[in-house]
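Have a look at the structure below, then the notes.
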Amino acid sequence: MDDSPAQVIPDDTSTGFLEPSTANAPAPKHWGAAFMPWMASVLLHAMLLTLAAFVVYAFQAAEERDSLLLTSFDNSEVDAAVQPQNPELRPVEQADLPTPEIQIDPAQTDLTRLDAEFSMPTSADLSIVGIGGEADSGLDGWRVLSGAGGGPKATFFGQRGRGGRIVYVIDRSGSMADSFDFLRRELKRSINALHHNQKFHVILFNDGYLEMPPARAVSAIGVNKRRCFEFLDGIHPGGMTDPIPAMKQAFRKEPDLIFFLTDGEFSPALVDELRKWNKRKKVKIFTLAYIYASGANLLKKIAAENGGTYTFVDGSQVP
């Protein structure tokens with residue numbers, strides 16, 4: 001061992017003290033640098049622990065899922081679980097309730113009343129082709145029930161006919177002026193005596209014709225009768241005598257029965273026209289010569305060919 005004294009290096013400081021030589025001594029370390037390895041280790045272990053925990057959680061979740069998929073359920077329990085928690089509904093027992101009494105007003109169910117209230121216009125230019133021909137018409141339904149010439153009765157100046165649809169074809173030419181009031185009273189009486197199930201219409205003629213409004217057959221109920229009477233009160237005779245247009249219009253109303261009254265002569269062409277219009281004799285025509293019998297021969301022929309009767313209303317009956 002070297003016991004030689006240490007080499008003293010002169011100190012150029014002002015103190016003059018001598019210090020041992022530090023030329024070979026290691027440099028001192030900072031405290032942060034000493035803790036860096038420890039901190040790095042702690043962080044690394046924390047990360048490893050976190051990763052390990054995540055892996056364990058993932059495996060446990062997978063096992064639980066597999067366990068759920070493999071578990072068998074009782075269907076009845078599942079159905080019970082999804083059913084709404086409502087009490088069971090049971091049908092109410094039928095109770096013996098009193099039967100209500102229904103009051104029906106016949107006036108509200110009378111179809112003839114409704115027919116009177118709701119009138120449908122009739123076209124003035126309806127074709128006459130086929131009237132009384134071989135083709136069936138709307139009259140057949142009534143005739144099936146009442147029979148040809150059947151149905152409720154109708155009377156006019158002693159003439160007695162039967163039918164569900166009555167049309168009056170009445171002369172109002174100038175020669176009727178002195179006796180028209182009496183005719184008007186009898187016409188009102190005849191219409192007033194009709195049954196409410198019948199229908200009626202009035203056509204007045206001279207060299208043209210005038211129809212009772214509405215221009216169709218209406219039910220023989222009070223309101224329609226009164227309207228007809230008001231119409232008749234406004235009629236005044238005048239003009240010449242030509243019943244053909246009025247009779248043609250009468251057939252358009254599909255009558256069962258026609259009362260045809262005139263006081264004068266008229267064209268024999270009417271007889272031929274009626275043979276075409278009433279070919280199947282479905283319409284009964286009752287004829288009346290009023291005060292004057294100048295047209296009696298034609299009136300008799302019309303009645304005979306069309307299932308009706310002829311009568312003469314003489315002047316003694318007129319007040």
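The values are calculated or read from the model by the stated rules, or taken from the named source; none is laboratory data. As the structure is a computational prediction, the values presented were derived from the model and not from experiment. Counting neighbours? That spans all protein chains shown, and the Cβs are built from the backbone with ideal geometry, glycine included.
Kindly check whether there is at least one residue in segment 171-185 that is under 45 Å from the mean Cα position of the chain (by Cα), among the aliphatic types (A, V, I, L, M) and either part of a helix (DSSP H, G or I) or crowded, with 20+ Cβ neighbours inside 10 Å (or both). No: zero hits.
Taking the condition of being under 18 Å from Thr241 (Cβ atoms) and either touching a Pro at 6+ places or on another chain (Cβ under 8 Å) or of a type in the set (Val, Ile, Thr) (or both), how many residues in segment 153-173 meet it? Full working, then the answer.
Restricting attention to segment 153-173, the residues satisfying the condition of being under 18 Å from Thr241 (Cβ atoms) are 168-173.
Next, only the ones that are either touching a Pro at 6+ places or on another chain (Cβ under 8 Å) or of a type in the set (Val, Ile, Thr) (or both) stay: 169-173.
Looking only at that region, the number is 5.
Yes/no per residue for (1) of a type in the set (S, T, N, Q); (2) modelled with pLDDT of 95 or more:
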{"position": "Phe157", "(1), (2)": "no, yes"}
{"position": "Asp171", "(1), (2)": "no, yes"}
{"position": "Gly174", "(1), (2)": "no, yes"}
{"position": "Asp178", "(1), (2)": "no, no"}
{"position": "Leu183", "(1), (2)": "no, yes"}
{"position": "Glu186", "(1), (2)": "no, yes"}
{"position": "Leu194", "(1), (2)": "no, yes"}
{"position": "Asn197", "(1), (2)": "yes, yes"}
{"position": "Ile203", "(1), (2)": "no, yes"}
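Of the listed requirements (1) under 18 Å from Ser175 (Cβ atoms); (2) in contact (Cβ under 8 Å) with a residue 24 or more places away in the chain, Pro245 misses just one: (1). Restricting segment 254-305 to residues that are in contact with a strand residue (DSSP E or B) (Cβ under 8 Å, 6 or more places away or on another chain), in a loop (DSSP other than H, G, I, E, B) and free of Cβ contacts under 8 Å to residues at least 40 places away in the same chain, the residue that is surrounded by the most Cβ atoms within 10 Å (Cβ to Cβ) is Gly295.
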